[in-house]
Every structure is written in structure tokens, then in C-alpha cells.
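The values are calculated or read from the model by the stated rules, or taken from the named source; none is laboratory data. The model shown is predicted, which means the values in this text are computed figures rather than measured ones. FYI the Cβ positions are ideal-geometry reconstructions off the backbone, even for glycines, and counts take in every protein chain you see.
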Amino acid sequence: MKIGIRGHDLKADTPEKLAKTAKAHGFSHIQLVLKKSFGIDIHDLDEEKISKMMEPFRKNDIEIALLGAYFNPVHSDPEYRKTNIAGFKKHLEMARQFGTPYVGTETGSYMDSPWTYHPRNHLEESYLEVREVVRELVGFAEGVGACVLIEGAYNHLIYKPELLRRLLDDIPSDNFRVIVDLYNYLNIENYQNHREILDRALALLKDKISVIHLKDFIVQDGKLKQVGLGSGLMDYPYIMKQIKAHVPDAVLIFEGITGNDIPTSREFIRRLEDKA
């Protein structure tokens with residue numbers, strides 16, 4: 001299986017350090033957010049700079065699974081939206097130079113920052129608004145040979161797997177695929193049903209899933225709190241078997257797992273890989 005991690009969760013601030021650290025932990029893939037890992041703006045890069053940046057990854061057999069260019073597509077400030085749409089398109093334009101066609105984002109919230117729940121998020125008119133932003137990005141991706149990855153989340157506008165399937169059907173394109181983050185769809189009322197939610201997501205989306213985010217959680221003070229993989233309530237033996245059965249080619253990315261939780265989480269998943 002293809003196992004990776006978000007680059008900025010490794011706390012390595014140069015390509016050399018990041019590639020070597022990822023390899024040392026047993027990862028083959030990176031989800032790369034340029035600003036968060038290296039403090040670099042995509043607009044400041046050209047083909048020569050990217051080629052040099054990629055050298056350590058090539059030497060260490062680390063692949064870039066996707067570029068993260070996450071932004072809030074329904075932010076109330078039109079200038080913010082304009083700037084970030086342009087930035088996302090620039091990532092799409094240059095993605096192939098990083099060895100990946102994929103650029104990912106979530107679908108945002110009418111709560112500008114942080115992107116937490118807002119009552120408007122789950123309205124039909126809100127879906128229609130974010131759909132047009134995604135349509136624009138997918139159209140651009142088609143022109144440059146890249147691919148938009150959209151990630152749903154309960155607190156955001158695309159808040160359930162069924163709505164993400166609808167979005168895919170409304171924008172039919174080979175240049176539009178998805179990230180599944182099971183934890184993102186959970187809340188205090190439905191977390192005990194996480195196996196069923198995973199099954200539903202896989203059934204609805206499996207032909208379009210390129211990346212799956214791996215997280216775990218406990219319940220603390222009436223809220224879900226993220227913890228290292230294998231330390232929480234997620235039924236990972238079941239999850240890994242379902243992934244292997246239905247989307248074996250998806251890249252599995254550790255997200256929000258840092259410090260001492262990285263090696264223990266990696267070893268936990270390695271054991272499940274052997275059993276799945």
C-alpha cells in the first residue's frame with residue numbers, strides 16, 4: 001500500500017530534511033503544502049527551482065502524492081477568494097513538475113476563519129455556490145492536464161459523501177477526483193457509526209478516490225479529539241481491509257499526526273498492512 005504523510009507534520013523545513021525524514025519513518029509519499037513546509041509561495045517558483053527542489057525526493061524515492069492549496073471557496077472577502085483561486089490555478093499549472101497531477105482543497109465555510117460550522121453551510125444555495133467555484137477550477141485543470149481533489153467535511157459545504165458524489169456527477173470530468181477523510185465526516189452524534197459512513201463513502205466514491213487521510217480520535221469533554229493512529233476509537237483493522245478491498249491504489253496520508261505519534265502510528269499501520 002502507498003503510505004504517506006503531510007510534509008508539514010514532519011516539521012522539516014527544507015526539501016533535503018523532509019525527504020530524508022519521510023524515508024526514515026517509512027513513508028513513500030508526501031502531501032506537500034509549500035508555504036507550510038518551506039515558507040515558499042507557488043508564484044515564486046519556476047521550472048528550474050522546482051527541479052532543484054525535487055532532487056532530494058527523487059534521491060530518497062519519495063513521491064509527492066498531491067499539492068495542498070487549501071482555501072475557503074466561499075469566504076466573504078471577494079479579494080481573498082480571487083487571490084486564492086488564482087493561487088490554486090497556479091498549483092494546477094505547475095503540479096506535473098512536482099510529479100503529480102493532483103491539487104487538493106476543502107469546500108470551506110461561511111464562517112470565514114476558522115472554517116467551522118455555520119448554519120448556511122448545509123443549504124442548497126450554498127452547494128450551488130461552491131459547485132461553481134469547483135467547476136471553474138476543474139475547467140482550468142482540464143486545460144493544463146492536472147486534477148482537482150476535493151475533500152468533504154461535516155462542518156463545510158460538502159458535508160456528506162452523498163453530496164460529494166452529487167458534485168462529481170454535476171461536474172463530470174477525468175480531471176476531478178476526491179480525498180476521503182473519514183474523521184472529517186464525524187461528529188459527537190455519529191462517530192459510533194464510522195464504519196457505516198466509510199462503507200457509504202467507498203460505495204459512492206470509490207471510482208474517484210485518489211487519496212485517503214488517516215486519523216484517529218477519542219471523545220473528550222463531549223468532543224472528538226484527534227490522537228495517534230491505533231490509540232483511539234477508529235476500527236482500523238476494518239478500515240484497512242475495506243480500503244485494500246475497494247481502493248487499493250489510493251495513497252493513504254497521515255494527517256495531523258506529529259512528534260512521537262508518528263513512529264508508533266506508522267508501525268501500527270505497517271502491522272495492519274500485513275494483515276489486510
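Among the residues of region 258-276, is there at least one that is more than 27 Å from Arg131 (Cα to Cα), part of a helix (DSSP H, G or I) and among the hydroxyl-bearing types (Ser, Thr, Tyr)? Looking for residues that are more than 27 Å from Arg131 (Cα to Cα), part of a helix (DSSP H, G or I) and among the hydroxyl-bearing types (Ser, Thr, Tyr), one finds at least one in region 258-276, hence yes. Number of residues in region 51-70 that are farther than 23 Å from Ala250 by Cα and buried (at least 17 other Cβ atoms within 10 Å of the Cβ) equals 2. Looking across region 46-75, the residues that are part of a loop (DSSP other than H, G, I, E, B) and under 17 Å from Ala19 (Cα atoms) come down to Asn60, Asp61, Ile62.
Scanning region 178-230 for residues that are more than 23 Å from Ala245 (Cα to Cα) and either acidic (Asp, Glu) or under 14 Å from the mean Cα position of the chain (by Cα) (or both) returns Glu189, Asp221. A single member of Gly232, Gly256 is out of contact with any Asp or Glu (no Cβ under 6 Å at 6 or more places or on another chain), at pLDDT 95 or above and surrounded by 15 or more Cβ atoms within 10 Å (Cβ to Cβ), and it is Gly256. Kindly check whether there is at least one residue in region 77-97 that is free of Cβ contacts under 8 Å to residues at least 40 places away in the same chain, of a type outside the set (Asp, Glu) and part of a loop (DSSP other than H, G, I, E, B). Scanning region 77-97 turns up no residue that is free of Cβ contacts under 8 Å to residues at least 40 places away in the same chain, of a type outside the set (Asp, Glu) and part of a loop (DSSP other than H, G, I, E, B). The single residue among Leu186, Leu182 that is in contact (Cβ under 8 Å) with a residue 40 or more places away in the chain and buried (at least 16 other Cβ atoms within 10 Å of the Cβ) turns out to be Leu182. None of Ile262, Ile218, Ile212 is in contact with a strand residue (DSSP E or B) (Cβ under 8 Å, 6 or more places away or on another chain), without any contact (Cβ under 8 Å) to a residue 24 or more places away in the chain and of a type in the set (A, V, I, L, M) except Ile218.
Quick grid of which residues meet (1) more than 17 Å from the chain's Cα centre (by Cα); (2) without any contact (Cβ under 8 Å) to a residue 12 or more places away in the chain; (3) part of a helix (DSSP H, G or I):
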{"position": "Ile3", "(1), (2), (3)": "no, no, no"}
{"position": "His8", "(1), (2), (3)": "no, no, yes"}
{"position": "Leu18", "(1), (2), (3)": "yes, no, yes"}
{"position": "Phe27", "(1), (2), (3)": "no, no, no"}
{"position": "Gln31", "(1), (2), (3)": "no, no, no"}
{"position": "Ser37", "(1), (2), (3)": "no, no, yes"}
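Residues are listed down the side, and each one gets a yes or a no for (1) modelled with pLDDT under 95; (2) farther than 23 Å from Ser173 by Cα:
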residue: Pro78; (1), (2): no, yes
residue: Lys89; (1), (2): no, no
residue: Pro101; (1), (2): no, no
residue: Trp115; (1), (2): yes, yes
residue: His122; (1), (2): no, yes
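Does Arg266 satisfy the criteria of being more than 21 Å from Asn184 (Cβ to Cβ), surrounded by fewer than 14 Cβ atoms within 10 Å (Cβ to Cβ) and over 17 Å from the mean Cα position of the chain (by Cα)? Answer is no for this residue. The strands (runs of 3 or more DSSP E) found entirely in region 146-243 that carry 1 or more residues being among the polar types (S, T, N, Q) are 209-214, 216-220, 223-227.
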